[in-house]
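Okay, structure first, notes after.
The values are calculated or read from the model by the stated rules, or taken from the named source; none is laboratory data. In this text, all values refer to a predicted model and were calculated from it rather than measured experimentally. Quick reminder, even Gly has a Cβ in these numbers, built from the backbone with ideal geometry, and neighbours come from all protein chains shown. What goes into the accessible areas is simple: the full protein's heavy atoms, side chains included, and nothing from ligands, DNA or RNA. Shrake-Rupley method; radii C 1.70, N 1.55, O 1.52, S 1.80 Å.
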Amino acid sequence: MLKLKNIYKTFNAGTINEKVALYDVNLTLNDGDFVTVIGGNGAGKSTLQNVISGAINPDYGTIEINNINITKLPEYKRAKFIGRVFQDPMLGTASDMWIEENLALAYKRGEKRSPLKWMIDSEKEKIFEESLSKLGLSLENRMKSKVRLLSGGQRQAITLLMATIKKPDLLMLDEHTAALDPKTANLVLTLTKEIIEEHNITTLMITHNMRDALTYGNRLIMMDQGKIIFDVSGDAKKKLTVEDLLKKFNQTKDAPSDAMILG
Amino acid sequence: MIGSLLGAIGQGFIWGVMVLGIFITYKILNVSDLTVDGSFATGGAVFAVSLLANIDTSICLLLAMIAGGLCGLITGLLHTKCKIPAILAGILTQLGLYSINLRILGDKANVSISQLSTNITFISKITNLTHTRSGMVLGIVVSIICVLILYFLLGTEFGASIRATGNNETMIRALGVNTDNIKLFGIILSNMLIGLSGAMLVQMNKYADVGMGKGAIVYGLASIVIGEVFFRRFQNFGIKLISSIFGCIVFFIIRAIVIRLGLKANDMQLISAVIVVIALAMPIFKENMAMRNIGKKNNWNNYRKNKDVDEIVEDKMTRINVTESGGGEYA
Ligand SMILES: Nc1ncnc2c1ncn2[C@@H]1O[C@H](COP(=O)(O)OP(=O)(O)OP(=O)(O)O)[C@@H](O)[C@H]1O
Ligand SMILES: [Mg+2]
């Protein structure tokens, strides 16, 4: 359903700060794929997602979703296909608006927003209440609270709900549990899995946690220096261990330890 | 005394429409638009000359709004298409508008409309009220209409995306909203109201002046700030809109008092600048005070005094929820 062909992206080309972020990336996702993405800092994972979402334009290459070429579509027009959750819990919600208002905004993702229709009606309210109660965080009792008053974990749960309340063709998660404490991270990850499985959403999930990368999803890709260097799925992925992944990591020119030293 | 008080209230309603415009950009869209001083005068100038050209008063008001909207369009395009920072875009437009406003007024600094019939003279004729009181009636009617329209607009699906653009642009763009267009729309709408306000002031004063918008942005911000002092506890959106107009009325009452105390009307520029500075610096002062009070016994009481009651309840609920859900969220 998603097809990336020969994607290149270099930041600050021609200056001393030149940085190759993506180099000839080819990737095809099938419907219902749940892909975990790993790779050292600066490997190009976030850039890959930003290129798909349209937040960044590639230097070269084509992007197709459902056989539609979206390479030249601006970000706001691609929103129709894509739901996103970021690492920073502040990024995914409008903090001065109510929980239910945030959900109502997300409910209309990629659709026309009428200047004559009230943003929330009782019917929508019921839908929101129901989906909030599924999170199990008692947020359905606080629909008229400002999101600003919520914790990071609660916000990420809501952002996740927002990204999926209208089923996206592609869900992209960029280390969306990295800013949470281990227990909350687990909770949000479990919710993620439940939602993805319930609606069978094609997903691209970046994580630094190798165990999570192995536990979740049916496919795993590893990136290094702007390239996809490893791509396993199905049974091969199931057999993979953390040790295997670490070994792979250490073979890369840009092993995590080096990357950290080089900053 | 009553007379000047009523005059001040009337001024407050008329300028209040401009404050609503500033509220849209400054508070809702989170864009500092300084076009105001220019577009206010443009609205007034267009109104005066079209009235002199024997056009119907209500159509003249409409033309003033359109003119204001065009000023906003320029600033908006400079900001969204040319990516010039909003403040600079507004300053540039405002500067250019000074020349344009002079042209509109036929290269004169001011143009009188004292012999012509306007909405205010009409109201005065049918109600037998004085010119000042009729002006107040006009201000009240137009303010109410504007508040109602804005209240409903901002509650719609489209309006919500305007509020969201001011709150978290990245998010709402990722949800499929062309935020550049939203900003453009907001800045245009804002300046339409500002132009309308300028036109009403011309009716009130019976002349248009090229410098009539001078300091308008500071008056507007001061009004918003004063309104917030009175309505701080209210979260309702409609109340916030009303609060801006209320703040503007208080502002003009203060102005009337200041003048009565023997200061000049021009001193108001300094006074309003000081009001805005105090309001903007207040949160920092409060924070510093709070720092000093850390560990002191009555700190909890201060905390309660400084916070909205709702917020305290919300805070408590957050804590309770954490323990209830066992989610382990940190505060
Ligand atoms: N906007 C930008 N301007 C300049 N360079 C950038 C920009 N965004 C990313 N880069 C560079 O591109 C490279 C890839 O960055 P990217 O954010 O995609 O890495 P990542 O794999 O997501 O890393 P991390 O695990 O740290 O999030 C990095 O070297 C980064 O410095
Ligand atoms: Mg990243």
Helix A:122-135 vs. chain A, principal-axis angle (Cα, 0 to 90°, nearest 10): 50
Interchain or long-range residues, amide H under 5 Å from A:MET97's placed H: A:VAL147, A:ARG148
GluC sites (Glu not before Pro) lying in DSSP loop within the range A:167-233, provided at most 11 other Cβ fall within 10 Å: none
Exposure rank, largest accessible area first [B:ILE144, A:ILE221; 1.4 Å]: B:ILE144, A:ILE221
Pairwise label distance in nanometres, B:SER58 with A:ASN67, each label 7 Å out on the Cα-Cβ vector: 5.6
Cut-off under 5 Å, modelled amide H: who pairs with A:ILE228 long-range: A:ASN26
Added length on full extension, which subtracts the Cα-Cα distance from 0.36 nm per residue, A:ASN12 to A:ASP59: 15.8 nm
Calculated from backbone phi, Karplus (6.51, -1.76, 1.60) coupling profile of the range A:191-199 in Hz, x at Gly/Pro: 4, 4, 4, 4, 5, 4, 6, 4, 9
By average C-beta atoms within 10 angstrom, highest first, the peptides A:240-248, A:107-115: A:107-115, A:240-248
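Which helices, counted as full DSSP H runs in chain B, have an axial Cα extent of no less than 20 Å and a Kyte-Doolittle average of 0.5 or above?
Helix filter hits for chain B: B:2-22, B:36-52, B:57-80, B:86-104, B:131-155, B:179-205, B:216-231, B:237-260, B:267-293.
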Area accessible to solvent at A:ILE68, 1.4 Å probe radius, in Å²: 80
Under-30-angstrom lysine pairs by C-alpha in the range B:2-262, whenever the two are 8 or more apart or on separate chains: 16
Accessible area, probe 1.4 Å, largest first, for residues A:HIS176, A:HIS199: A:HIS199, A:HIS176
Around B:SER124: net Lys/Arg minus Asp/Glu count, Cβ-Cβ under 14 Å: +3
Net charge, A:HIS176 excluded, C-beta distance under 10 Å - Lys, Arg +1, Asp, Glu -1: -2
Integer Hz, Karplus 6.51/-1.76/1.60 couplings in order for the range A:85-100, x for Gly and Pro: 9, 9, 5, 7, x, 6, 6, x, 9, 8, 6, 8, 10, 5, 4, 5
DSSP-loop chymotrypsin sites (Phe, Trp or Tyr not before Pro) across the range B:142-243, with at most 15 other Cβ within 10 angstrom: B:PHE234
Residue-count net charge about B:GLY227 - beta-carbon cut-off 13 Å; Lys, Arg +1, Asp, Glu -1: +3
Computed E for B:MET291/A:GLU197 - FRET, C-beta separation, R0 45 angstrom, nearest 0.05: 0.40
Placed amide H near A:LYS9: partners under 5 Å, 5+ positions off or other chain: A:ALA21, A:LEU22, A:TYR23, A:ASP24, A:ASP59
Qualifying GluC sites (Glu not before Pro) in the range A:1-90, DSSP loop, other Cβ atoms within 10 Å at most 15: A:GLU18
Square roots of five times the Cα gyration tensor eigenvalues for the range A:2-262, Å: 32, 22, 17
Hydrodynamic radius of the range B:99-256 per Kirkwood, over alpha carbon pairs, in Å: 17.9
Fraction in percent of alpha-carbon pairs per bin - 20 Å, the protein assembly as shown: 18, 42, 30, 9, 1
Surface/4 of the Cα convex hull for the range B:215-260, nm²: 3.1
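State the extension gain, in nm to one decimal, for the chain segment bounded by B:TYR207 and B:LEU153, taking 0.36 nm per residue of separation less the distance between their alpha-carbons.
Extending this stretch completely gives an extra 16.1 nm.
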List B:VAL218, A:VAL35, B:VAL142, ordered by accessible area with a 1.4 Å probe, largest first: B:VAL218, B:VAL142, A:VAL35
The range A:161-209, Cα convex hull volume normalised per residue, Å³: 71
Cα-projected label distance for A:TRP118 with B:LEU261, points at 7 Å along beta-carbon direction, nm: 4.7
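Roughly how many Å² is the accessible area per residue of the protein assembly as shown, as a whole number, for a 1.4 Å probe?
47
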In nm, spacing of pseudo-spin labels at B:HIS131 and A:LYS19 (7 Å Cα→C-beta vector): 6.6
